[in-house]
Structure formats: C-alpha cells, structure tokens
Amino acid sequence: MNKISDKALKVWRITGMLHSLIILAIYFGVITLVSFFDWPSWIILCGGVVSILYVYIFVYLFPNVKWKRWRYEVREKEIELQSGIIFKKRTLVPMVRVQHVDTVEGPLLRRYHLATVTVSTAATTHHIPAIDTTEADELRSSISALARVAKDDV
C-alpha cells in the first residue's frame, strides 16, 4: 500500500493552525467579555484549557495519526483506500464503477506541490489526499485508463 506525501503533514498542520487562530480569537473575545461584564474568572481558565487542547489535537495529534493511517493502492480491477483517525476505514472501489477522476489543488496544496485525487462513482466520491502533483497526474491517468479498460470488458 502507498502512503501519501510527507508534505501533507505540513499542510494539515498549517490548516490546523489557521483553524486554531479562529478559536484563539474567540477565546480572546471571551476574555474581553469576562472583564467587561465582571463574569467569574474560571471561564477564562476553562477557555484556555479548551483552546490549548484544540491546538494540540488539530495541529499535532490528528495530522500525525491521519498521515500514518492513510494508505491507497490502485490495482487493475479496484482501488483500495484505507484511512481513519479513531476508526479504521477500508474502501474498495471497483474500476467498473469509476465514472471520472479529477485532481484538485488548493492554494496551500499548490504551494507544497501537492494535489488531491478525486475518484467519482455513481454513488459517491472518494478522495486520495495530498499526493505529489506528478504522482497525482500519473495516478489520474492510470485510473482513467484502467476504468476505461474495465468498462470495455463488461
């Protein structure tokens, strides 16, 4: 099974930091409200603990676990995806069900030369996140070719 790029950790940590900035802004707003309305000071302590836990979980813990657990493999007849932070999820996508394949790059992924491969079926869409752009393009082309061959066999 193939792993996703090491650079995915940086992208996910930066995303976690951006989300944490919003939480910290809310926390500083709560500090202002506590001092303005003379609310109990334990609210500041609880907000600080929640903010620190949020930053730890979404900047350090989840990106590490997510990166360690994400695996994918493209075979002739199927695509196998394995992911999950708390619960491990394994998905097999038959090539005959694949309708189209896309690559998606946001500004942050583009900065680190990464892309997400999106595999669409009639029922749902599956993502392989944070792969090097050259590998993502090759993967998109090979999945498309394999899906075309699989449909011709049916």
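Specify the residue that is most open to solvent (accessible area, probe 1.4 Å); the eligible residues are those in the stretch 123-133 that are without any contact (Cβ under 8 Å) to a residue 40 or more places away in the chain and not small (Gly, Ala, Ser). The extreme case among them is 127. Any residue in the stretch 40-52 that is of a type in the set (A, V, I, L, M, F, W, C), within 18 Å of the chain's Cα centre (by Cα) and either over 28 Å from residue 13 (Cβ atoms) or not in a helix (DSSP H, G or I) (or both)? Scanning the stretch 40-52, I find no residue that is of a type in the set (A, V, I, L, M, F, W, C), within 18 Å of the chain's Cα centre (by Cα) and either over 28 Å from residue 13 (Cβ atoms) or not in a helix (DSSP H, G or I) (or both), so the answer is no.
Any residue that is part of a loop (DSSP other than H, G, I, E, B) and without any contact (Cβ under 8 Å) to a residue 12 or more places away in the chain - is there at least one of those in the stretch 103-122?
Filtering the stretch 103-122 for residues part of a loop (DSSP other than H, G, I, E, B) gives 105-106, 112-113, 121-122.
Subsequent filtering for residues that are without any contact (Cβ under 8 Å) to a residue 12 or more places away in the chain retains 106.
Within the stretch 103-122, one or more residues are part of a loop (DSSP other than H, G, I, E, B) and without any contact (Cβ under 8 Å) to a residue 12 or more places away in the chain.
Scanning the stretch 25-39 for residues being open to solvent by 80 Å² or more (accessible area, probe 1.4 Å) and either part of a helix (DSSP H, G or I) or under 27 Å from residue 83 (Cβ atoms) (or both) gives a total of 6.
Among the residues of the stretch 1-23, which ones are assigned to a helix (DSSP H, G or I) and either exposed (fewer than 14 other Cβ atoms within 10 Å of the Cβ) or not aliphatic (A, V, I, L, M) (or both)?
Narrowing the stretch 1-23 to residues assigned to a helix (DSSP H, G or I): 7-23.
Residues satisfying the conditions are 7, 10, 12, 13, 15, 16, 17, 18, 19, 20, 21, 22.
The values are calculated or read from the model by the stated rules, or taken from the named source; none is laboratory data. Not measured: the values here are computed from a predicted model. Neighbour counts are summed over all protein chains in view; Cβ atoms, including those assigned to glycine, are modelled from backbone coordinates with ideal geometry. Note: areas computed on protein heavy atoms with side chains; ligands, DNA, RNA excluded. Shrake-Rupley method; radii C 1.70, N 1.55, O 1.52, S 1.80 Å.
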